[in-house]
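A short write-up of the structure that comes next.
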Amino acid sequence: MLDLKQYGYIETEPPPDGLFPGRVTAVHKERYEIISAQGTMFCKLKTGVYYGAGTEDFPTVGDFVLFRAIERGDGLIVKTLPRKTQFVRRDPNPNIGEQIVAANVDYAFIMTSLNWDFNSNRIERYLVLARKSGAIPVVVLTKADLADGYAEKVSAAQAVAGDADVIPVSVISGMGLDRLDHYLAPGKTVAFLGMSGVGKSSLLNKLIGQEVMAVNAIREDDSRGCHTTTHRQLFMLPGGAMVIDTPGMRTLGMWDSGDGLRDTFSDIEAMLGGCRFSDCRHGSEPGCAIIEAIENGELSPDRWNNYISLKRETTYAMDKSEILREKWARNKAIAKWNKQRKKEIW
């Protein structure tokens, strides 16, 4: 019988009779692939607790859940257990709001390739959301074997990474892979995050020792790849660590990223209090600490502009979050009223 503790499960209290704990390893539309003491199985959500007036958070890959086994059919998920971390971005669909990409992640590997598509601003964006999630970010620079003289790009990544480790790697030569061992410890969960074509699937195949994910060649005209991974999935590595491989995210919208933004741009946040005027707009005002830092080379204009852009985006997302919360509460109240009304009629 499989021990779910190998998959990171920590029991805080025994589950109710008839229910079993499991971890979501993949999501296929309305079916959830679960690993549990009973092995691998598929489950669906219990309608009453997840839809309509339901209060449970919809599970995602990495979540621990309680389910009821159904003989000769899909099991039934009845509860999503509390998450220790969750990586959240703004959903591409403006009517949905947040999208939880992965849950209960210990380390977030922010992956970008050392080719023409390298972008330090994009790394900062991932760092903000990774730090907000509660996971420890690690910047993994892939395809080092294809890049000539990549030291400048490594330095650029280090300049924005703060206390996050920056590791250049090559799955072809094996360079740098030993530095990942520290994070790939038994029982730990790592999420691979990044755009299409950065080598997430290639690295997963290398670590697991077999081709479990297809690998597409990148386009030569812009060094970008097509979507290889089509859904999020959790894999167990031979050493006991788990990897959640995610589809390439071309858009990575901010969603209530306050703490992550402050941690990623802690140097800028500290400068903001050094202006002569408390209402300084950091444009042309005398005694502006930001202008002074840019002029003396302490702060790059690109980093400042990226901070302003992400700050503005976060503010918008938080305002939208409040609107969606009010809409959810209103719909829940209507659903509850309709349910009570039906009872009175019958």
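Coordinate-derived values only; no laboratory data. Model, not experiment: these values are computed from the prediction. In this analysis, Cβ positions are derived from the backbone assuming ideal geometry, glycine residues included, and neighbour counts consider all displayed protein chains.
What to note about this one:
- Pairs from Lys153/Lys311; Lys5/Lys29; Lys143/Lys206; Lys153/Lys188; Lys84/Lys132 whose Cα-Cα separation, in the structure shown, is over 18 Å: Lys153/Lys311; Lys5/Lys29; Lys153/Lys188
- As a proxy for reagent exposure, ranking Val27, Val171 by other Cβ atoms within 10 Å from fewest up yields Val27, Val171.
- When Ser300, Ser284 are arranged by Cβ crowding within 10 Å, least crowded first, meaning fewest neighbours, the order is Ser284, Ser300.
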